[in-house]
1. For the stretch 113-127, check the following and say yes or no: at least one residue is more than 15 Å from the chain's Cα centre (by Cα), part of a helix (DSSP H, G or I) and either at pLDDT 95 or above or of a type in the set (D, E, K, R) (or both).
2. List pairs: first residue in the stretch 129-148 and more than 14 Å from G176 (Cα to Cα) and among the charged types (D, E, K, R), second residue at pLDDT 95 or above and surrounded by fewer than 21 Cβ atoms within 10 Å (Cβ to Cβ) anywhere in the structure, Cβ distance under 7 angstrom, at least six positions apart or on different chains.
3. List the helices (runs of 4 or more DSSP H) inside the stretch 1-109, counting only whole elements, that have at least 1 residues being at pLDDT 95 or above and either more than 23 Å from D224 (Cβ to Cβ) or of a type in the set (D, E, K, R) (or both).
4. Go over the candidates G279, G294 one by one and state the one that is within 30 Å of R66 (Cα to Cα) and touching a helix residue (DSSP H, G or I) at 6+ places or on another chain (Cβ under 8 Å).
5. What is the number of the single condition among (1) farther than 20 Å from L92 by Cα; (2) assigned to a loop (DSSP other than H, G, I, E, B) that G239 does not meet?
6. Sort through S259, S218 and tell me the only one that's small (G, A, S), over 30 Å from C71 (Cβ atoms), buried (at least 20 other Cβ atoms within 10 Å of the Cβ) and free of Cβ contacts under 8 Å to residues at least 60 places away in the same chain.
7. Filter the stretch 258-293 for residues that are part of a loop (DSSP other than H, G, I, E, B) and more than 19 Å from the chain's Cα centre (by Cα) and give the result.
8. Just for the stretch 128-147: of the residues that are of a type in the set (K, R) and modelled with pLDDT of 95 or more, which one is surrounded by the most Cβ atoms within 10 Å (Cβ to Cβ)?
Amino acid sequence: MFVSLFFACYLALSPGIFQVNPAPRTDSLVVLSWNLENFFDWKCDSLSTSEMEFSSSGARRWTWKRFNRKCSGIAKTVLASASRTGRLPDVLAFQEVENRRALTRLIEDTPLRKCGYRTVHFESPDRRGIDCALLYRSSSLKLEYAAPCHLYDSTGKVLRTRDIVLAEFFLPQDSGRFAVLVNHHPSKLGRNSGSLRDIATGRMVQLADSLVAGGCGSVVAVGDFNRPMDWIDKSCKGGTLKFNGNWERIDGCPLARGSDVREIVLDFPFLLTRDTSSGGLKPLRTYSGPRYIGGLSDHLPVVSIIIRGHP
């Protein structure tokens, strides 16, 4: 009841922002995937060695106030996403999360506390100290198994990058099984970046094949793939990241087994700002270099509506 009232009031106070679409089919699931651009815990000591390292002037200082503002904005986006799908996401697949405490604050200290989300998070070997994570609604999904899945080089050594997070669910409404693979593939930067992304893609496909062989009826992979993905869903318009002045869609759901997928890029005005260099709009990010901007992310979130029982 609280969530319904909050969402109704929010829509009433935000005229012209949202276009409400019909609710998804009853055999569907809704997954929201979003790179949160350094969603760091404001108390964690690792900030001093991360990308959020304080400058000599203190310009990059990550304070409780800034962290709390980011949590509120993430929650606002999740609630607003229901205006595009007809209901709240069953799964929130996040990238660039520092630790479980940041996620706990998100779901306990914002209106999301009434939505019944639970957390799946594992520390990864990533050099920057950022991980993939997953939140799921316990009212629609029962977690059966979760694990971090390392990436390995040709010698079998674990790569110091983000693990793929695997979560497998039981669906009480129809006794089915549904699995999500949350990805954040290696950056475009670096001499071997392409081969590293090939390793990540191969690992993702291997995991999906294993899940299907094990009897999981529906498997999807979502996340930030650091590769253009415009070919995946031709009906899905818009990019998720502004790179060198051009929009690219590098986030979404490139793999779905046993399901059809319809995707929506969430381009709410409060997630965007004017692009004074290249024209048009761009995501309103949290930082630009050392300068605090006050936005949420340099990526736009993508909602994937998963219709199960289809090839």
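1. Yes.
2. Every condition considered, the pairs that remain are D131/F122; D131/E123; R137/G116.
3. Details: elements: 2-12, 64-85, 100-108.
In the stretch 1-109, the matching helices (runs of 4 or more DSSP H) lie at 64-85, 100-108.
4. Working: G279 fails: touching a helix residue (DSSP H, G or I) at 6+ places or on another chain (Cβ under 8 Å).
None of the other options fit; the residue is G294.
5. (1)
6. Numbers: S218 fails: free of Cβ contacts under 8 Å to residues at least 60 places away in the same chain.
From the options S259, S218, the qualifying one is S259.
7. To start, the set of residues in the stretch 258-293 that are part of a loop (DSSP other than H, G, I, E, B) comprises 258, 266-268, 275-280, 284-286, 289-290, 293.
Scanning the stretch 258-293 gives G258, D275, T276, S277, S278, G279, G280, G289, P290, I293.
8. Initially, the stretch 128-147 is screened for residues of a type in the set (K, R), giving 128, 137, 142.
Remaining after also requiring modelled with pLDDT of 95 or more: 137, 142.
On the way: R137: 18, K142: 11.
That would be R137.
The values are calculated or read from the model by the stated rules, or taken from the named source; none is laboratory data. Keep in mind it's a predicted model, so treat the numbers as computed, not measured. Here Cβ is always computed from backbone atoms with ideal geometry, including for glycine, and neighbour counts include all displayed protein chains.
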